[in-house]
């Protein structure tokens, strides 16, 4: 109730001025409306369907994007809208998004104000800035193929195989700025590592499991966020990118099992390497542990010693605790074990593969080699 006519008139004039400003204020009006809509959306959203922006690049990420796309199309009420941010070039995520008529943005892309509820990052490789993370009311989720905090970093699957882990899994975390893979855990699932599996095989399995775990997390996201748990530092390990430096053999130090794991981890992408007569040899088509019978059983073979096994057409190489075999090598070109032996090895007394790390010492031991 107005206290008097003068006060009432003044108040009415003020309301009219605000109304006119709102109706004819141009940019001011658009900003106000945008903020009002954003506020209304935040206040009303307490669960799915979600408006999602997806960040990803490779085939591992495609599996999660597939399920999100399917969830949007199925009409089951989990995904309302879905857009994609990816890196330049012809990469799997971009191809899938274009084939399925998803809107694709090039990185960096930060024009997301009020348009999305959640971000999802899968195998993206770029650190997202804090200002971008804060634009998503429910934060940004990450699908990571390890049991965090074990194997934080860009190559967890390769290191899982390389180090002989028997158990791995997938983890859904809420990302934090400035560092990779340190955010709180929302969901996690264990997976037994199959014996003798390659990194490629394990990656395909974890990509599928990670995609399903993401969907499961999105279905109950508010509850998951309410019960998230911080990662502990106990057991934290780092998984750096794989590189050529990892592929060099150190025959004196590596066991048959270690070489087997290394080959299954990186072999399809980066061939194992050694040195022969000061030239780099790439070792291909690993066949595992070999049984070698030497002509003189009294002489213990030196690590790096090479024996051609004619019956199996294999080059057997002595390592720390036995012999491992390869069916082919690359010198100037790809050669079978028989080609390498006939064309090179049997024409010289030098039948020792040298570890790059201890090349001088290995050369000094050649005189003690007996095959």
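The values are calculated or read from the model by the stated rules, or taken from the named source; none is laboratory data. Note that the structure is predicted; figures quoted are calculated from it, not measured. Backbone-built Cβ (ideal geometry, glycine too); neighbour counts: all protein chains shown.
Annotation note: of 29, 37, the sole residue that is within 24 Å of residue 136 (Cα to Cα), in a helix (DSSP H, G or I), modelled with pLDDT under 50 and touching a helix residue (DSSP H, G or I) at 6+ places or on another chain (Cβ under 6 Å) is 29.
Every residue, every condition in (1) in contact with a helix residue (DSSP H, G or I) (Cβ under 9 Å, 6 or more places away or on another chain); (2) part of a loop (DSSP other than H, G, I, E, B); (3) touching a residue at least 40 places away in the same chain (Cβ under 8 Å), yes or no:
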position	(1), (2), (3)
104	yes, no, no
116	no, yes, yes
119	yes, no, yes
126	no, yes, yes
141	yes, no, yes
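Here residue 48 fulfils each of the conditions (1) at pLDDT 95 or above; (2) buried (at least 18 other Cβ atoms within 10 Å of the Cβ) apart from (1). Looking across region 128-139, the residues that are more than 25 Å from residue 240 (Cβ to Cβ) and part of a loop (DSSP other than H, G, I, E, B) come down to 134, 135, 136, 137, 138, 139. Restricting region 143-158 to residues that are part of a helix (DSSP H, G or I) and in contact with a helix residue (DSSP H, G or I) (Cβ under 6 Å, 6 or more places away or on another chain), the residue that is nearest to residue 62 (Cα to Cα) is 157. Taken together, the criteria place residue 240 among residues that are touching a residue at least 40 places away in the same chain (Cβ under 8 Å), surrounded by fewer than 14 Cβ atoms within 10 Å (Cβ to Cβ), within 30 Å of residue 281 (Cα to Cα) and out of contact with any helix residue (DSSP H, G or I) (no Cβ under 6 Å at 6 or more places or on another chain).
For region 251-333, which fully contained strands (runs of 3 or more DSSP E) count at least 1 residues that are closer than 24 Å to residue 240 by Cβ and touching a residue at least 60 places away in the same chain (Cβ under 8 Å)? The strands (runs of 3 or more DSSP E) meeting that bar are 272-276. A residue that is within 33 Å of the chain's Cα centre (by Cα), modelled with pLDDT of 95 or more, surrounded by fewer than 17 Cβ atoms within 10 Å (Cβ to Cβ) and within 20 Å of residue 289 (Cα to Cα) can be found somewhere in region 324-339. Just one of the listed residues (170, 112) is surrounded by 18 or more Cβ atoms within 10 Å (Cβ to Cβ) and in contact (Cβ under 8 Å) with a residue 40 or more places away in the chain, and it is 170. Scanning region 210-237 for residues that are in a helix (DSSP H, G or I), touching a strand residue (DSSP E or B) at 6+ places or on another chain (Cβ under 8 Å) and surrounded by fewer than 18 Cβ atoms within 10 Å (Cβ to Cβ) turns up 216, 225.
Among the residues making up region 81-100, those that are outside any helix (DSSP H, G or I) and surrounded by 15 or more Cβ atoms within 10 Å (Cβ to Cβ) are 81, 82, 83, 84, 85, 86, 87, 91, 100.
The residue of region 342-356 that is modelled with the lowest pLDDT, among those that are assigned to a loop (DSSP other than H, G, I, E, B) and under 10 Å from residue 274 (Cα atoms), is 356. Per the listing 103, 141, the residue uniquely surrounded by 16 or more Cβ atoms within 10 Å (Cβ to Cβ) and within 24 Å of residue 208 (Cα to Cα) is 141. Could you say whether any residue in region 195-206 is out of contact with any strand residue (DSSP E or B) (no Cβ under 6 Å at 6 or more places or on another chain), buried (at least 17 other Cβ atoms within 10 Å of the Cβ) and assigned to a loop (DSSP other than H, G, I, E, B)? Yes - at least one qualifying residue is present in region 195-206.
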